[in-house]
Amino acid sequence: MSGARTAGDVPAPPAPIRWSEAGDGSQRARVPVPVDHRDPDGPAIDLALVRYPAAGPGARRGVLVVTPDDPGSSGIAMATQVRAALAPSVAAVFDVIGFDHRFSGESAPLRWGLDQREIFWVFHESESFAEEVRFQAELAAKAAGHSVDVLPHITTRAIARDIDAVRRALGEERVCLLGHNYGSYVAAVYCELFGDRADRVILDSVLSPDWVWQGLFTNFARNCEATLRHWCAATARPQGPLGDTPQQVRDAFDEVLRKAGAAGVTLPGVPVPLDEQFLRVLTMMLLSSRRSHPALEDVIRSARSGAPLQPGTQQLIGSMFAVPRDASTAAAQLAILCGDAAWPRALEEYEAAVQDASGFMDRALLGVKAGAFWPVQPLEPPTVFGPRETGGVLLIQAERDMFTSDAGARRLRGLLGDRSRLVMLRDVIEHRIFPFAGDPRVDAVAQEFLMTGRLPEADVVVGDDSYEDGEARR
C-alpha cells in the first residue's frame, strides 16, 4: 500500500480513550485500530474494551491486559472472569483491561452465515474423506466470498499490534499481560514484537510456537487419547458401574460411542439425542478437568443403562451448552487458525493421517481442514521466539493439561531464556490455572510476581496434594 510504514516506525499519538460507566463496576470504550498496520491511515475498525479500575485506595501499579483465551472468544468476558477471581490485593492496584480481538465479539465481527455444522468445523467429520474435502473447501470458499480483503489481517501478530495501540491510547509506557491458552501465544507474540513495552507477563496453559496451527490439532488428538486412557484407569474399580479394569471401562465407552454413531444416544433429562460427534465433543470437554471426570462416568453409565443422570451431571452439561456457540466466534477462530501460518496443500497427507487414526478424536482432528484451501497466504512468517528485554515472563502449566500439553510450556520456557520461569503443577489434569484453579502455592508465586516483579529464583514444581477428591483446596 502507498505510504506504508513498518511495524517498528513510531506511530502518531492516538486520541485518549473515553470511558463510559457500564453499571457493574466496569467501564467500556472503543479504540480505533488500522485493519492493516502497515497502512495506519487506511481503513480502521474499532476494538471493544472493558476496564475494571484498580479497586483499592492505595497507589495504582499499572495495567493488567487480559488476552482472549481462544481465537474468536470474548476477551471482554475473559477479563471479567479474571477480575472476579483475582486476589483483592492484586485487584486493588491494577486496572484490569480486556478486549474482543479484531473481527470478533464486539470488534467488527465477521458475518459469514455459518450453519451449525460449520460452526463446529474443528471437530467435523464426514462419512468419507472426499465428503470432508468438499465440506472444508466450501468453508474456505465461504470465508473468501465474505472477507477475502481482510483475511490477511486477521492474525495473531496483528492482534499483538492492536494491544500496543491500546497501550499507547491508555498513555502507559508498559503493560502487564495475562494470557491463557491461545491468549498465552498472543501475549508471547506481543513480547517478541514489543518486548521493552511488556512489564510482568504471565502465560498460563501455554501453547508451543511449534504448533502454529496444524500441529495444534495433531498435539490435541494425542492429548485427548492419553487423557481418555488415564480416565479409564482412574474409573475402573471393583463393582464399578463401567467395569473392574481399564479395558472394561474403555469397552463401555466404545460401546456408547458406537451406539451414538448408529442411532444416537438419549440421556434422560437432556433434550436432544447425542450423535457421535456431539458425544465426542462432550467427552473431550468433561475430560479436560479432573473435577469433571466423575460426570463423564455418569454419562457413560446413563447412556448404557437408561438410568437418570445425577443432578450434578445434568446441571454441568446444561451449563456447558446454555449459551450456543456464535457463528461470528467460529468465523474468527477459523480465520486465525487457518491464516496465521500456511497449511499443507497435499490432500494425501491428511488422508494418510485419517487412515492411520486410532484415538477417539483422531479422525476429526487429523483430517483435512479449511486451511488446506485457504484463499490467502500469510503476509508474515510465524513468530520466532527468543530472549527479550521484558519485565519477566512467568509460565504456569498443569502437567496433564489436555488442551495444551506440558510440552508447550517447556518448549517456550527454553526459548525465552533467563527472564522467564516455569511453574509446573505436577500430575494434574486442569486448564487455565491462575487465578481459577485455586492452588494456593501457584497463586502465591503468581501474585508475588505481579505485585513485586520478582520471578522465582528457579523453576517451580508444585505437587498435586493440594487437590483432594478432584477439588482444589483453597
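The values are calculated or read from the model by the stated rules, or taken from the named source; none is laboratory data. Remember, it's a predicted structure, so these values are computed and weren't measured experimentally. Cβ placement follows ideal geometry from the backbone for every residue including glycine, while neighbour counts extend to all protein chains displayed. To get the accessible areas, we keep the full protein, side chains included, count just its heavy atoms, and leave off ligands, DNA and RNA. Shrake-Rupley method; radii C 1.70, N 1.55, O 1.52, S 1.80 Å.
The figures follow:
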quantity: Euclidean distance of C-alpha centroids, segment 98-149 and segment 228-257, integer Å; calculated: 36 Å
quantity: Magnitude of the charge dipole, the chain, Cβ model with Lys/Arg +1 and Asp/Glu -1, debye to 20; calculated: 840 debye
quantity: Residues in segment 388-419 that a label on ARG426 would reach, taking backbone N under 15 Å of a point 7 Å out along Cα→Cβ; calculated: 397-400
quantity: 0 to 90° range, to nearest 10: angle between helix 293-305 axis and the chain longest Cα axis; calculated: 40 degrees
quantity: Spacing of the two label points (7 Å from each Cα toward its C-beta) at GLU131 and GLU457, in nm; calculated: 6.2 nm
quantity: Per-pair calculated FRET efficiency, R0 = 22 Å: PHE321 and ALA262 via Cβ, rounded to 0.05; calculated: 0.45
quantity: GLN248 versus GLN377: modelled label distance in nm, points set 7 Å from Cα along the beta carbon direction; calculated: 5.8 nm
quantity: Using alpha carbons only: equivalent-ellipsoid semi-axes of segment 404-464, gyration tensor based, whole Å; calculated: 17, 17, 10
quantity: Loop trypsin sites (Lys or Arg not before Pro), segment 35-96, which have at most 14 other Cβ atoms in a 10 Å radius of their Cβ (DSSP); calculated: ARG60
quantity: Pairwise label distance in nanometres, GLU389 with ARG345, each label 7 Å out on the Cα-Cβ vector; calculated: 4.2 nm
quantity: CD proxy at 222 nm, helix term only [per DSSP H run n ≥ 4: -39500 (n - 2.57); per residue of the chain; nearest 500]; calculated: -12500 deg cm²/dmol
quantity: Segment 68-181: C-alpha gyration tensor shape, a/c 1.5 cut-off, then a/b vs b/c; calculated: prolate
quantity: With Cα atoms, 0 to 90° folded angle of helix 311-320 axis to the chain main axis; calculated: 40 degrees
quantity: Helix 156-170 vs. the chain, principal-axis angle (Cα, 0 to 90°, nearest 10); calculated: 40 degrees
quantity: Kirkwood hydrodynamic radius of segment 125-261, Cα pairs, Å; calculated: 19.2 Å
quantity: Carbon + sulfur, % of accessible area of the chain - ligands and nucleic acids excluded, 1.4 Å; calculated: 51 percent
quantity: Extension gain (nm, one decimal) between ARG174 and ALA234, 0.36 nm per residue minus Cα-Cα; calculated: 17.0 nm
quantity: Accessible area in square angstrom per residue, the chain, 1.4 angstrom probe; calculated: 41 Å²
quantity: Amide H partners (placed H, <5 Å) of VAL206, local residues excluded; calculated: ALA409
